[in-house]
Every structure is written in C-alpha cells, then in structure tokens.
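Each remark here refers to the structure printed beneath this line.
The values are calculated or read from the model by the stated rules, or taken from the named source; none is laboratory data. This is a predicted model, so every value here is computed, not measured. Cβ placement follows ideal geometry from the backbone for every residue including glycine, while neighbour counts extend to all protein chains displayed.
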Amino acid sequence: MTASQPDLEVLRVSNGAFELDVLPGLGASVLNLRAASGRPVMRHVELSDVQTSSQCASFTLLPFSNRIRDAHFTFAGREVQLRVNTKDGLAQHGDVRNRPWQVERVSDSHLRCTFDSRAFADINWPWAFTAQVEYRLHGLHFDTTVTLTNEDAAAMPAGLGLHPYFARMQEGVDPALQVGAELIYDTDERQLTLGEARPVQPAEDYRTPTPVGERHIDRTYTAWDGVARLDWGERALTVTADNVYSHVVVFTAPDGSLAIEPVSHATDAFNLAARGVAGVDLRVLEPGQSLAGTARVTLEGNW
C-alpha cells in the first residue's frame, strides 16, 4: 500500500494500564500503544499519516527479519531470487507487514490475527506459510506472541521479529538505554552483516545503562540475555523476549524514536549461513513445523 489509509479499520483493546490500537488490514501492525494516562509508550502515530507499516508504532517481520543481500540466497541447493523492495537493492522485513490479516479473536484485552501466504499470488516468498500474532494486555504487561508455520511440502528457511519504535523523549528527558548483549556485528554501507559477531567495544556497550544522547545507532547485537530497558528516572519500561529472539536490533530512528527489535537471526543470515558463518541462527522449518516467540513490554513508575 502506497497511499494514506485513513479508512483502515482500527481495533482497540485496553486494560487498566494500556490502550492498544491495531490495524488488521495493514499487517496487524500496532498503530499506537499508550499508557492509560494517554502518554505514548511507543511513538505516537496519526492514522492519517500512515502510508505503510513503516509509519506505524510497531510491525511484524515474517518469514524473515531485516535485510537479505541483493534479495538473493541459496538454500538446499536452490537459488532463491526475491523481489527487491528497497532503494539499495535488498529484500527487507519479510512480506506480511503491509498485507491484510484476518481477525480471529478480539476481547477487551486480547487480539489474535492470522495470515496465510497462499491467499496472495504475489507473495514475495517461494514457500507456503501461515502466521499468527497475538496481543495481550495484562496488568502492566503488553505481550506480543508471533507464530510462523511452514505449510509447504519442503523444508523452509525461516525467521521472525518485531519492529517496535519506542517514544524516546519523555518531558524533555532522554532515557538511559540498557541492553544485555555481549556481541555485535560489523556491517557494510547497506547495513549488511560482514561475518561473525565480535565482542562489543566500549562505545557500543549498553550492558550498563547509558543515555543515547546524540549517538546514531543501527546495529545488531547477539549473545543477548533477552532484556532491554529504557529508564527516564520517573518512569521506565523493560522489554523481555523469549530465547528464540537471540538477536536484537537497536536503531535511532530519524523521527527521534528508538527501535528495539527482538529478532531470531542476524541480518542476512540466509547468505551468512550458506557461507558457513557461525552463530547467525538461521532456522529451518520442516513441513508443518512452527517457530514462535513472545516479547513483553512492562511499565514501571509514573506512566
């Protein structure tokens, strides 16, 4: 979708701590996530400004996350050429985030949507798959659970991820960022991974809380303990992710928000795995097999 979508259906679920707005017709993406007070938790988005999921507060990355070099890779002796969908000649962020999903369940604090690639003749992936995303609000927790299933007759390389943009500045205060990750990847000018991860250097190390300040970050970390935290002093939020999310991308977005993206594999893991690069965590799903994981956002303090 390339035009503004003010007529998209917005589904809202809420509890005593959160209000969540979701766009089932645009990748089941999160339009907004607010505290009950109205304070943005993820970046604030006006529906009239939405052209694609890129303008949303969060979207889902399936059946792979981040970038694939030249939209091409080899798997099990098969040459796979995807359609390029970036200006610099890559395939990026899978092919579910701008497509309509089906609403299967909605209640006061729970929403479940499903996706079937076989419903789309132009799907940018040569294997058939289904997916499910569930959003749950309970207490001070917001959980997102994603499931990817291979519906093909052959084994399928696979990955998944989430791309939330968090509202960074809170009443003029820049948060301290903490990410419990020990390793980082070097990348080229297209942000494609060059090889195995290496130990973080001091300027890249957020295991101790550190204000982002003027730093520009667009890096993938691994050896991650599944925890990231933003702390403004008066309030904080913590992101916790299941073990399937062995990697995390940290990105200072041009609009001033901060993306903390739990992902299941390194950027360009498909080509790296074919080269024998260790630790990139490309998954392979046999027919009928699923990959799933939950990430949680927890609020602390005065929201």
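This table checks each residue for (1) within 16 Å of the chain's Cα centre (by Cα); (2) surrounded by 15 or more Cβ atoms within 10 Å (Cβ to Cβ); (3) farther than 30 Å from ALA236 by Cα.
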{"site": "ASP7", "(1), (2), (3)": "no, no, yes"}
{"site": "ARG12", "(1), (2), (3)": "no, no, no"}
{"site": "VAL30", "(1), (2), (3)": "yes, yes, no"}
{"site": "LEU33", "(1), (2), (3)": "yes, yes, no"}
{"site": "SER48", "(1), (2), (3)": "no, no, no"}
{"site": "CYS56", "(1), (2), (3)": "yes, yes, no"}
{"site": "PHE75", "(1), (2), (3)": "no, yes, yes"}
{"site": "ASP88", "(1), (2), (3)": "no, no, yes"}
{"site": "GLN102", "(1), (2), (3)": "no, no, yes"}
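Might you check whether a residue that is among the β-branched types (Val, Ile, Thr), within 17 Å of LEU20 (Cα to Cα) and either at pLDDT 95 or above or in contact with a strand residue (DSSP E or B) (Cβ under 8 Å, 6 or more places away or on another chain) (or both) occurs anywhere in the stretch 85-103? Break it down into steps so the answer makes sense when it comes.
Initial filter on the stretch 85-103 (among the β-branched types (Val, Ile, Thr)): 86, 96, 103.
From what is left, the residues that are within 17 Å of LEU20 (Cα to Cα) are 103.
Next cut, either at pLDDT 95 or above or in contact with a strand residue (DSSP E or B) (Cβ under 8 Å, 6 or more places away or on another chain) (or both) only: 103.
Yes; the residues of the stretch 85-103 include at least one that is among the β-branched types (Val, Ile, Thr), within 17 Å of LEU20 (Cα to Cα) and either at pLDDT 95 or above or in contact with a strand residue (DSSP E or B) (Cβ under 8 Å, 6 or more places away or on another chain) (or both).
Residue check: VAL96 meets all listed conditions (1) surrounded by fewer than 16 Cβ atoms within 10 Å (Cβ to Cβ); (2) in a loop (DSSP other than H, G, I, E, B) but one, namely (1). For the stretch 206-214, the criterion of a residue being within 22 Å of the chain's Cα centre (by Cα) and either among the basic types (Lys, Arg) or modelled with pLDDT under 95 (or both) is satisfied by at least one position. Of everything in the stretch 104-129 that's buried (at least 17 other Cβ atoms within 10 Å of the Cβ) and aliphatic (A, V, I, L, M), which residue is nearest to THR52 (Cα to Cα)? Selected residue: ILE123. Annotation note: Cβ proximity below 8 Å between a residue of the stretch 45-61 that is farther than 15 Å from GLU9 by Cβ and of a type in the set (Asp, Glu) and a residue that is at pLDDT 95 or above and buried (at least 17 other Cβ atoms within 10 Å of the Cβ) (sequence gap 6+ or interchain) occurs for ASP49/GLN55. For the stretch 232-256, filtered to residues that are closer than 18 Å to GLY159 by Cβ and small (Gly, Ala, Ser), the residue that is surrounded by the fewest Cβ atoms within 10 Å (Cβ to Cβ) is SER246.
Within the set of pairs 6+ apart or on separate chains, which have a first residue in the stretch 270-286 that is within 14 Å of ASN66 (Cα to Cα) and polar (S, T, N, Q), a second that is crowded, with 19+ Cβ neighbours inside 10 Å and modelled with pLDDT of 95 or more, and C-beta atoms under 6 Å apart? That search, which allows pairs on different chains as well, returns ASN271/PHE73. Residues in the stretch 203-231 that are buried (at least 19 other Cβ atoms within 10 Å of the Cβ) and part of a loop (DSSP other than H, G, I, E, B): 1 in all.
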